[in-house]
Every structure is written in structure tokens, then in C-alpha cells.
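Beneath this line is the structure, given in C-alpha cells, with notes to follow.
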Amino acid sequence: MEERGSISIHTENIFPIIKKFLYSDHEIFLRELVSNAVDATQKIKRLAAIGEFTGELGDLTVKVAVDKEARTITIADHGIGMTAEEIKKYINQIAFSGASEFVERYKDSGDKSQIIGQFGLGFYSAFMVSDRVEIITKSYKEGSEAAHWTCDGSTEFAIIDAEKETRGTNVILNVTEDSEEFLEPARIRAILDKYCKFLPVPVEFEGEVINNPNPIWTKQPSELTDEDYKAFYKELYPFSEAPLFWIHLNVDYPFNLTGILYFPKIKNEFELQRNKIQLYSRQVFITDEVKDVVPEFLMLLHGVIDSPDIPLNVSRSFLQADSSVKKINTYITKKVADKLNELFKKDRTAFESSWSDINVFVKYGMLSDDKFYERAKDFVLLQSTDGKYYTIEEYKALVAPNQTNKSDQLVLLYTTDENKQHAFVEAAQSRGYNVLKLDTLIDSHFIGLLEQKLEKTTLKRVDSETTDKLIEKDETKESVLNDKEKEDLKTAYEQAISNQHMLVEVAPLSPDDAPVVITLPEFMRRMKDMSKSGGGGMMFMGDMPDTYNVTINANHPLNQRVLSAADEDKTRIARQAFDLALLSQNMLSGAALTAFVKRSFDLMTKE
Ligand code: ADP
């Protein structure tokens, strides 16, 4: 018996349109067809479980095969199969109307890239790579006849009787010339590897099962050991170092989500890799662009999220507004904070030792999400230059007695580079101050956040002012120089330096302080940093040279020597002292450095 017919849909020729739309994403046809085969297999299993199917289940492996000579790809399953009536109902109507609806909706859409990969085209996607698709199928229902359906992607189809002994469906694609790449076994294997690696039913290609049907995220945490989690991480990222720790996600209300998120070991901030989280829907790989599902700061994590509730067949803007996506976001954020808190409480030493790897997540999270800030503020750590770690509260208590200024502000001192700012760090420490290490890229933003959140607290870099001014107390300092001498000293240095971006002032520091101290005010440096990172509308700052303060210590014996020296020596000694100050801050280079070295030799020769 042969039946010919016409499929009734609204759009006449959808095939060329779809083909054009999805040009860059042709490979998803295999995901769709293998998923269908897996679904049909799951269905027969379920029917058997509830006693509606009592026959032999047999080997349920889904088999994918490529025949280069015949130019075909075959996807064969041993699932529920279809009767001729069901083909007409499910394929002719559902599959085709799904596809035509898709075209209707998107044919006028401007941004086609948004659609690609977001819209599962189901069975119809077979026509992206083939000019003729055949289905040979036999239903599980007793007494069913096998049927053979053929269609060229147009609205015309044919169904004839077929010879098929076993239950299940073979989908045969006759591959077009411009899709020849899919006749390469290596290509097919790569696609299967990408999309089908964790499908719940064994999938075989070239005699080998290519998937792991029971990935650990589908199991209960109580069934799993640390080794299982680590082994799974290796399976996902064969070239990565072992993860620090992980979170097993498992909810079924008010949305359904499972998965495992790993905290990777980070070598440096520039290596941060996004898009390392894979999104699955019922074990079918969907995408590794999780931008709208996972909070931005958690995109640095690795792992797998599986949720049938994430709508994948809609555009991105819709996804962002989707309420279950928002709930998923909140849930993941909370889980991550809880996990970090638990680690902090359970084993502080271990937490501290992994701090260099996790501080970026924590700080990034605190900066981008207020709820996360509230959760993390009790376990975020501050490290001082002596290597010790403190929580914010611990640190405040530690430094409050000595680092509260005369207006009752707590001043937290920090260094961004212990080596380069060594002289200042040492000067601060000699006054009994504690200095924090805030030396990563994210710290510059984190400093601002701390100031904004902590009451009556400011943060100052150790070299933003002379040490005695960092934390101003109520004490007056005596100067050994009178006003006239101070004025002369200032003039001597101004002449020696002769640079409008170096503002000279004379101040009575301690005789133990350096004779010349060069500082860049905190606010200036922050504005510069901001304009560098493109924020705050301060683009003009980028071109502006820094203006430094040069503080001449009136109480240092060297400056008395400058005052009493003969005119030509005055400039030389002042310049030498200024250059030494530059040198101690790594600010001396080029011609200035050469001149300095030459002058030093001259001075030594004269002595
Ligand atoms: P979807 O899978 O989203 O429902 P498809 O276009 O992929 O849409 O498939 C349409 C219908 O055809 C399926 O719902 C299913 O009933 C039927 N079908 C497709 N492939 C198979 C198969 N291998 N075995 C049995 N039924 C199938």
C-alpha cells in the first residue's frame, strides 16, 4: 500500500528559509534526532515500568551510523516506534507545524543570530543537512505494521508499508552535497561528544558507546565521594587542575534544577575563563553560554547545570525577564554563599589557604550583588602584609586603637605593591600601623565598596601621604626651621626639581623620616584608576600627568645642610635628595637616572 499526501501548513516552502536562518548551526540536527531517539527509548522504559508494555525491552542502545558511499546518516532506536497514523500525526503535523511556526515568528526578525541555537527545531532540522529524509518505524503496539515515510522537505510526503522486524525507529538522512562535512565520521563524533555526552540512554557510534548515561549530577550527593566529584571534573575539563571545591545543586521546587558547580584553581586574574559552565536540559547539552542563567560573577565557576525549566526556545531578552531564570539566579547565589560560609566555619585554615583562589569570586560577588554582599561580609578576608588573615570585624577591632584619626574616622592602610611601596610600608609599620595587602585588579573596586559600606572608615594607600599625615592625630609638631628658612628651603628644592607636576611643601616630619617624601594623593590616584578602567566619565584624566606632592622634611639634618650650602651646591644636594626619593619609589628612569648616577659618582669622587 502506498499513500501520498500533502502536509498542510501555513508557509509554502519553509525548508529554504530555515536553512538560511540556521546556517551556522546546522550541526544541531544530530542533537535533535538523537534526543528524539532517546525520548522514544525512555518512553518504552516507562511503559514497561508501569506494566503497559510487557514484551522484551531488549538492547535499548541508540545507534548512529554514517555511510559515506550511500551518503546517509542513520539514527536508529529501539524505542516506542510509530504507526503510520502516528507518523502523520506527530511528524506531518507537529514537526512541520513547529517548523512553520518558527518561520512565521522569525522571518521578519532583524537579529537572526539571536535565534540560532535557541530554538530547537526538532525533527524538521533534519532537512538542514539532507534533501530527503526517511523514517522506517514499527510501533511497540501489538499487531502494528512497520511504515516507511519519505519526504524531501517540501509539503509532499509518501508513506508505504515496510519490512521491519524489530520495534523502534530508523531515521535515515540523505545528505546534500553542501553538507558533505557530516559524512565524515570524525565530525559526527565531535558533534555527539558535544551534545550527547550525558544523554540518559547509551548512544553508540562506530561500535563504541560515546556517552555516560548516568552523570553524577543526576545522583544524590550522599551516594558520591570526593573522588567521584574530582573524576567528573576531569571528564569535563581534561586539561584543568583539580578544583578547589564544589557545590551539588539539587532542587525540585519551585523549579527543577540539578547540577554541580566547581570552584576552579585560578592562576592569575587574566586567565579567568567564562563560559565554562555547561547548560543541559534533561541531560541534552544546550549551550555553554550561561550568561542569563547564572549570575555574572559566578560565570567564573565551572561545571554543569541541568534544568528542564530554562526556556531555550525563546530569545535572549525574554530569558532575562523570565521569572524561573531569576529564581534560579537567586538560588545559585545563595547556595554558593552558603557553601563558602560553611567552609569558613568548618575549617578556617583551609579556607584561608584557598583564599588567593576564591577571593576574586567573593569580591566580585559582593560588588555585583547586594544580597551576596550581606552574606559574604562575615567571611570575606583581609590579608595584612605579615600574611595574617582577618574578617572585617576582626580587623576593625585590631586597628581601631591606633588607627582612628582625630575626626573619629577609622583609617585602613593598604599597599598595592609591597615591593614598590616598601619604604612607605616600613614607615607605617614603624609607627605601629597595620598595612593590608590589596593588590589584585578587583581590589581597587573592593576598596570603594568597603568605604561605602563601612561606617566612619576610609582606606588610604600607604604612599598617598607622608606617614605622619595618613592618620591625623591631635598633635602639633615643632619645626627646627623658622619661616624664612622654610621659604628658602622650598625655593632651593623648587629650583632643583623644576617640574610643575611636583608640588613642593616643607613640613616638620620626624628626624627619623626621610628628608624628601613623594606622594600621590589618594583621590588623584583613584580618579586615574577609574579613567583607566573606563569608568566614571573621566576619560580626560588618562592624558593628564600625575601631580605629586613633594614633602621636604624640615627636621631632617640633610635639609639643614641644603640651607647652609653654597648656592651651586644647594641645587645639587637638593636634586640628589629628590632623586633618591624618586629612586626609592621606582620613579627614576631614563635620562634622569643617568644624570643621577653621574652626579652620585661626582659627589663620591669629591668627598
Ligand atoms: P518534539 O520532539 O519537540 O516533540 P519533534 O519535531 O522532534 O518535536 O518530533 C515530533 C514528534 O515526533 C515527537 O514528539 C514524537 O512523538 C515523534 N517522534 C520523533 N522522533 C521519534 C522517534 N525516534 N521515535 C518515536 N517517535 C518520534
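The values are calculated or read from the model by the stated rules, or taken from the named source; none is laboratory data. Predicted model only: the values in this text are computed from it and were never measured. Neighbour counts are summed over all protein chains in view; Cβ atoms, including those assigned to glycine, are modelled from backbone coordinates with ideal geometry. Areas reflect the complete protein model, heavy atoms only, side chains present, ligands, DNA and RNA absent. Shrake-Rupley method; radii C 1.70, N 1.55, O 1.52, S 1.80 Å.
What do you get for the angle between helix 522-532 and the principal long axis of the chain? Use alpha-carbon atoms, 0 to 90 degrees, nearest ten. Compared with the principal axis, the helix lies near 30 degrees. Under 28 Å of direct C-alpha separation, and excluding same-chain neighbours fewer than eight residues apart, Lys406 reaches these lysines: Lys377, Lys388, Lys396, Lys437, Lys453, Lys456, Lys460, Lys469, Lys473, Lys477, Lys486. Heavy atoms of the protein chains alone define the surface here; on that basis region 483-606 has 54 Å² accessible area per residue at 1.4 Å probe size. Here the chain is assigned +1 on the Cβ of each Lys and Arg and -1 on the Cβ of each Asp and Glu. Its dipole about the Cα centre then comes out at about 1120 debye. Here is the list for region 359-444: trypsin sites (Lys or Arg not before Pro) lying in DSSP coil, each with at most 10 other C-beta atoms within 10 angstrom of its C-beta, are Lys406. On C-alpha positions alone, give me the angle between the axis of helix 567-584 and the longest principal axis of the chain, in degrees, nearest 10. Value to nearest ten degrees: 30. Loop-located trypsin sites (Lys or Arg not before Pro) in region 58-96 (DSSP state other than H, G, I, E, B) with a sparse environment of at most 13 neighbouring Cβ atoms within 10 Å: Lys68. Normalised by residue number, the volume inside the convex hull of the Cα atoms of the chain is 212 Å³ per residue.
Since only Gly448, Ile392, Asn405 are under comparison, the one whose Cα sits farthest along the positive direction of the charge dipole of region 381-470, derived from C-beta charges on Lys, Arg, Asp and Glu, is Asn405.
One Cα centroid belongs to region 427-457, the other to region 171-244; the line between them spans 47 Å. On the chain, 50 percent of the accessible area sits on carbon and sulfur atoms, based on a 1.4 Å probe. Mean residue ellipticity, 222 nm, helices only, the chain: the sum of -39500 (n - 2.57) across DSSP H runs of n ≥ 4, divided by residue count and rounded to 500, is -11000 deg cm²/dmol.
Rounded to whole numbers, the Karplus 3J(HN,Hα) couplings from phi for region 412-424 are 9, 9, 9, 10, 9, 7, 4, 6, 5, 9, 4, 4, 6 Hz, using 6.51 cos²θ - 1.76 cosθ + 1.60 with θ = phi - 60°, and x at Gly and Pro. May I ask for the angle, rounded to the nearest 10°, between helix 96-106 and the longest principal axis of the chain, with both axes built from Cα atoms and the value confined to 0 to 90°? Result, in degrees: 30.
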